[in-house]
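**Student:** Mind having a look at this structure? Questions to follow.
The values are calculated or read from the model by the stated rules, or taken from the named source; none is laboratory data. None of these values were measured; they are calculated from a predicted model. Ideal geometry is used to build each Cβ from the backbone, glycine not excepted, and the neighbour counts take in all protein chains shown.
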Amino acid sequence: MFTSGRVTAGLRQSATVSALCAGLLLNPLATGVSFADTNSAIDKLLGEAITQAQTMVAIMTNNCPGGDNGRPPQAYEAFVKRSNEVNKQLVDLKVALAKGKTPNAAQQIDSAKDGMDKMVAMMHENCSGGSHGRNPLSYGKLIQVKENVSGKLDAVKAILET
């Protein structure tokens with residue numbers, strides 16, 4: 001399905017990737033950028049992506065109405081499991097890239113992004129209420145974090161492809 005929200009998110013990601021790559025690779029001063037600087041930039045982007053991806057579980061904790069402090073969404077346990085898988089993929093990628101092993105990096109990035117997409121899909125209308133359920137209270141924040149992490153991963157992928 002085509003939605004304007006997806007277009008906006010895609011444009012935001014595209015702009016983030018372009019800006020990061022331009023800053024790292026196309027800057028006239030970047031002609032002297034060393035391999036170590038590029039690795040440092042990739043390491044920093046992946047470190048930020050990992051930290052932000054880990055916040056996705058905290059955002060959904062007790063995020064449905066009810067009880068004294070809220071309730072977890074219905075698929076919360078599966079969401080946490082998927083989050084652990086995504087974070088392991090990202091950490092494994094970071095370690096592999098730090099060792100100079102890049103052959104499967106694009107595939108690993110795509111897999112992590114797919115996992116995050118599935119995490120967001122799990123939470124869609126995952127609180128009780130309404131005719132099909134309701135989105136958790138911080139569902140929009142979850143999407144923002146996922147988009148931000150995806151943008152960082154796209155930037156890493158673009159750097160590796162240059």
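**Student:** If you scan the range 54-72, which residues turn out to be in a helix (DSSP H, G or I), surrounded by 16 or more Cβ atoms within 10 Å (Cβ to Cβ) and of a type in the set (A, V, I, L, M, F, W, C)?
**Tutor:** Of everything in the range 54-72, those that are in a helix (DSSP H, G or I), surrounded by 16 or more Cβ atoms within 10 Å (Cβ to Cβ) and of a type in the set (A, V, I, L, M, F, W, C) turn out to be Met56, Val57, Ile59, Met60.
**Student:** Still on this structure: How do the pairs read when you match residues in the range 83-97 that are free of Cβ contacts under 8 Å to residues at least 40 places away in the same chain and of a type in the set (D, E, K, R) with residues anywhere that are part of a helix (DSSP H, G or I) and surrounded by fewer than 18 Cβ atoms within 10 Å (Cβ to Cβ), using Cβ under 8 Å and keeping only pairs 6 or more apart or on different chains?
**Tutor:** Close Cβ pairs (under 8 Å, with a partner that is part of a helix (DSSP H, G or I) and surrounded by fewer than 18 Cβ atoms within 10 Å (Cβ to Cβ)) do not exist here.
**Student:** Here are the criteria: (1) touching a residue at least 24 places away in the same chain (Cβ under 8 Å); (2) within 21 Å of Thr38 (Cβ to Cβ). Tell me which single one Gln108 does not satisfy.
**Tutor:** Gln108 satisfies all of (1) touching a residue at least 24 places away in the same chain (Cβ under 8 Å); (2) within 21 Å of Thr38 (Cβ to Cβ) except (1).
**Student:** Right, next: Just one of Gln89, Gln144, Gln107 is part of a helix (DSSP H, G or I), of a type in the set (S, T, N, Q) and over 20 Å from Gln54 (Cα atoms); which is it?
**Tutor:** Gln107
**Student:** Tell me whether the range 83-98 contains one or more residues that are buried (at least 17 other Cβ atoms within 10 Å of the Cβ), of a type outside the set (A, V, I, L, M), closer than 15 Å to Pro136 by Cβ and at pLDDT 95 or above.
**Tutor:** Yes, the conditions are met somewhere in the range 83-98.
**Student:** How many residues, within the range 109-162, are under 15 Å from the mean Cα position of the chain (by Cα), under 26 Å from Gly66 (Cβ atoms) and charged (D, E, K, R)?
**Tutor:** Qualifying residue count for the region: 3.
**Student:** Considering each residue of the range 74-86, count those that are outside any helix (DSSP H, G or I) and either on the phi > 0 side of the Ramachandran plot or within 20 Å of the chain's Cα centre (by Cα) (or both), and give that number.
**Tutor:** Counting residues in the range 74-86 that are outside any helix (DSSP H, G or I) and either on the phi > 0 side of the Ramachandran plot or within 20 Å of the chain's Cα centre (by Cα) (or both) gives 1.
**Student:** Residue check: is Ala158 over 19 Å from Thr51 (Cβ atoms), modelled with pLDDT under 95, part of a helix (DSSP H, G or I) and not polar (S, T, N, Q)?
**Tutor:** yes
**Student:** While we're on this one: Which of (1) touching a residue at least 60 places away in the same chain (Cβ under 8 Å); (2) within 26 Å of Asp43 (Cβ to Cβ) is the odd one out, the single condition Pro136 does not satisfy?
**Tutor:** So Pro136 meets the others, but not (2).
**Student:** Which members of the range 117-132 meet the condition of being closer than 16 Å to Ala78 by Cβ and in contact (Cβ under 8 Å) with a residue 24 or more places away in the chain?
**Tutor:** Asp117, Lys118, Met119, Val120, Met122, Met123, Asn126, Cys127
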